[in-house]
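Input: a single structure, listed below in structure tokens.
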Amino acid sequence: MAPTLKELIDHARWRKAVTYRDTWPHEYVMSESDRQDELLSAISERFRAGEGVDGRFFSMNNAYLFIGKYKYWLMTHWDEIEPGVNYVINRARLYRDRRDFVIQRGDTGKPEDYPVTPAYGNHNP
């Protein structure tokens, strides 16, 4: 029996990302070098099934997948994934507020730095 997505996530060796470590903490694994190609495939399949949510990281549009207490995203669009290539799979803890959908200038990912201006409708951070 194939492992579930939750089992794949739980068995991945997530490590803290250096990029944005002090402003938007998150974790990542690599699909090939960390032997997480099955996880990449499972996440990509969820995106293909329409489970992704469009969001933004500052001016960059991206699709996010919400599972449990985390949101997951890929650095390459799921429809452009090719076998045998090493891709980044990211995750960050959910805040259960607008920062899970739009990250804007002044929003560091830390609760004490919550932006004053709501992100909803603000397309020019």
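Can you confirm whether region 77-96 contains a residue that is part of a helix (DSSP H, G or I), at pLDDT 70 or above, of a type in the set (A, V, I, L, M, F, W, C) and surrounded by 15 or more Cβ atoms within 10 Å (Cβ to Cβ)? Give the derivation first.
First, pick out the residues of region 77-96 that are part of a helix (DSSP H, G or I): 78-80.
Okay, now just the ones that are also at pLDDT 70 or above, so 78-80.
Imposing the further condition that a residue be of a type in the set (A, V, I, L, M, F, W, C) reduces the set to 78.
Narrowing the set further to residues that are surrounded by 15 or more Cβ atoms within 10 Å (Cβ to Cβ) leaves 78.
There is at least one residue in region 77-96 that is part of a helix (DSSP H, G or I), at pLDDT 70 or above, of a type in the set (A, V, I, L, M, F, W, C) and surrounded by 15 or more Cβ atoms within 10 Å (Cβ to Cβ).
Conditions tested, residue by residue: (1) open to solvent by 30 Å² or more (accessible area, probe 1.4 Å); (2) touching a Ser or Thr at 6+ places or on another chain (Cβ under 9 Å).
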position	(1), (2)
ALA2	yes, no
LEU5	no, no
ILE9	no, no
ARG13	yes, no
PRO25	yes, no
GLU32	yes, no
GLN36	no, no
SER41	yes, yes
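The residues of region 52-69 that are of a type outside the set (S, T, N, Q), part of a loop (DSSP other than H, G, I, E, B) and either more than 19 Å from PRO3 (Cα to Cα) or touching a Lys or Arg at 6+ places or on another chain (Cβ under 6 Å) (or both), listed by number, are GLY52, PHE58, LYS69.
Once region 48-69 is narrowed to residues that are open to solvent by 50 Å² or more (accessible area, probe 1.4 Å) and of a type in the set (Phe, Trp, Tyr), the residue that is nearest to the chain's Cα centre (by Cα) is PHE66.
The values are calculated or read from the model by the stated rules, or taken from the named source; none is laboratory data. Keep in mind it's a predicted model, so treat the numbers as computed, not measured. Because the Cβ atoms are built from the backbone with ideal geometry, glycine has one as well, and the counts that use them run over all protein chains shown. With ligands, DNA and RNA removed, areas are computed over all heavy atoms of the protein, side chains included. Shrake-Rupley method; radii C 1.70, N 1.55, O 1.52, S 1.80 Å.
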